[in-house]
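Read-outs: derived from the displayed coordinates by stated rules, not from any lab. This one's a predicted model, so the numbers in the text were calculated from it and none came from an experiment. A quick note on method: Cβ atoms are made from the backbone with ideal geometry, for glycine too, and the neighbour counts reach across all protein chains shown.
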Amino acid sequence: MSDFENAKVKVSEGWLQGYIDENLKVFKGIPYAAPPVGELRFRHPQDPYTWRGVRRATQYGPGAIQPVQEEENLVANVHGIPQLLMPSQYQEDCLYLNVWSPAKSAEDRLPVFVWIHGGGMIAGSGVECVCAGEGLAKRKDLVVVTINYRLGFYGFFAHPDLTEEGNGSSGNYAFFDMVKACEWIKKNIAVFGGDPDNITVAGQSGGARSTGILLASPLMKGLVKRVSIESGVVYWGFMKPQPREVMEQKGVDFMKKIGVESIADLRKMDAWELFDLYNANTDYFSGFSFCIDGKLLPEDYEKWMDAGKFNDFEVMMGSCAQEFPAAPNGVSLDVYNQYIEETFPDNAEKMKAWYPAGTPSEAAKMLTTIMSDFMLAGAIRIGQLCKEYGRKAFIWHMNKENEDERGHRDGCPHCAEMPYLFGRVDKGSYNPFLDYKWVEEDYRFMDVIQGYWANYAASGDPNGEGLPEWKSYEKDFDVVTLGNEISMFPESEFEKYQYIYDYVKVHGNPKPRRF
């Protein structure tokens, strides 16, 4: 029923014609759900429509509605948060996915690697150049899939009327989109040469937060085998979902502000006009976000995880050593020491020894390192829970820096693993989209990262021939350092990380701050 050799396959909705790129069959812009427009706005995703004839799958589908600019490689402020916005097509009809398959036949049953893009759940898409699948699929025997999903206002708007309409659930449409995509992939991936019984879902930043939600959601049972959570662990503090009632009240307040009386009226409005009204009346921290909706997330996330109710998935997770640019232009030693003394009054001298700074530049790097270690504490907690409930977990901490002056000054930032994972050679200058001339260490690191991730997607264990040993999480602190030198955390570091872990356990994961 297929002509796989010529990149032509039949999925549940009809025929698709992709194209061949060296050893890959590539299919872009595949609808995995019906367009969430009109009466389907603020509803759970519905089955995609069927078609007759052969649908061309050679161009990306549009990304979700989000802040848009026209110039390439421009960093802009989105609700006060720096974002790199990529020029693309954005519209409400956005529920599409893309497939890169190195399979030689539809019967190969290769492991499947599904990527959920980042962007703070308000921006980004599965079509951005840095997470295009060819750089990974060409080098490893993986079928790579990237997806779009609803973002921001359209992804998370909640309201009591929607809760009543949704049988006790509203909001979290972005996550329901991801579940729908996984259902479509499991149903159809075999025709692309993938194994529907060996699917890994991975995500970075907002995509990592999403993947952490999918780890917990009962709606994901039986759909995938494992998850990879990169720089966005959900557990403590500001990373935790709020009660649905908080989002519902925001929905009531927003509708009053814009003078709209009913959900039916909201669904009739032009999508971009409504989006502009939303942006004019909210900011990033007061806007809509994920919640305990009652269906996808039945109860408090921390309690749910602590009770072992999360899915029986294998878990790989971690973060970068300098995730948050706390002081991009340096910070005085007096300010640094004051922060240490006021934040850690019970252990200030040890903190200064663990995070030493002799110059304003070093102080800035140590500030972001401390805040990044807060994030790592959440991954360690998930590792503990996996161990307690018999799930296998692998935890990583990346310190690979660009091999130039800025890289060694600023460290290993948020998104740093992405160019290596996706094989985006000569990208990654403190941002995965920006140019950086790779040297020998970078190519070697790409081979290691792609090896670990591909092995994990294939078997649930990142270890393999030619790779340094990476122990599963059996005791505190079984964490691997990923850098030019790769090793498990030494015991000499345990006291520091125990203190950071205990601090976050008491105070929660503090919001990153600037100095």
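Just a few scattered comments:
- At 1.567 mPa s and 4 °C, Stokes diffusion of the chain via Kirkwood alpha-carbon radius, µm² per second: 55 µm²/s
- A cut-off of 5 Å between modelled amide H atoms, ignoring neighbours fewer than 5 places along the same chain, links D197 with no other residue.
- Which of K225, K256 has the fewest Cβ neighbours within 10 Å, and the rest in rising order: K256, K225
- Listed peptides 158-169, 98-109, 269-280 appear in the order 98-109, 158-169, 269-280 once ranked by packing, highest mean of other Cβ atoms within 10 Å at the front.
- For the stretch 60-67, putting each phi into the Karplus relation 6.51 cos²θ - 1.76 cosθ + 1.60 with θ = phi - 60° gives couplings of 4, x, x, x, 5, 4, 6, x Hz, in residue order, rounded to whole numbers and with x for Gly and Pro.
- ³J(HN,Hα) computed for each position of the stretch 373-389 - Karplus, 6.51 cos²θ - 1.76 cosθ + 1.60, integer Hz, glycine/proline x: 5, 4, 5, 4, 4, x, 5, 4, 5, 5, x, 4, 5, 4, 4, 4, 9
- Of the GluC sites (Glu not before Pro) found in the stretch 414-469, those that fall in a DSSP loop while having at most 11 other beta-carbon atoms within 10 Å are E465, E469.
- Radius of gyration over Kirkwood radius for the stretch 4-306, both on Cα atoms: the Rg/Rh ratio is 0.96.
- Given their separation in residues at 0.36 nm each and the Cα-Cα distance between them, V260 and K221 gain 10.2 nm when the chain is fully extended.
- In the chain, helical runs assigned H by DSSP with n ≥ 4 each contribute -39500 (n - 2.57); averaged across all residues and rounded to the nearest 500, the mean residue ellipticity at 222 nm is -10000 deg cm²/dmol.
- Whole-angstrom gap from the stretch 102-142 to the stretch 355-371, using each part's C-alpha centre: 36 Å
- Mean-position separation - Cα centroids, the stretch 186-200 and the stretch 31-69, in angstrom: 21 Å
- Flagged links, alpha-carbon separation over 27 Å, of K104/K387; K140/K225; K180/K225; K187/K303; K256/K511; K186/K427: K104/K387; K187/K303; K256/K511; K186/K427
- 5 angstrom amide H check on V479, placed H, neighbours 5+ away: F489
- Taking amide hydrogens as placed 1.01 Å from N in the peptide plane, the amide H of W15 sits under 5 Å from those of R55, each at least 5 positions away in sequence or on another chain.
- The overall shape of the stretch 250-404, judged from the alpha-carbon gyration tensor, is oblate: a/c is not under 1.5, and a/b is no greater than b/c.
- Computed on the chain, with alpha-carbon pairs under 8 angstrom and 6+ residues apart, the relative contact order is 13 percent.
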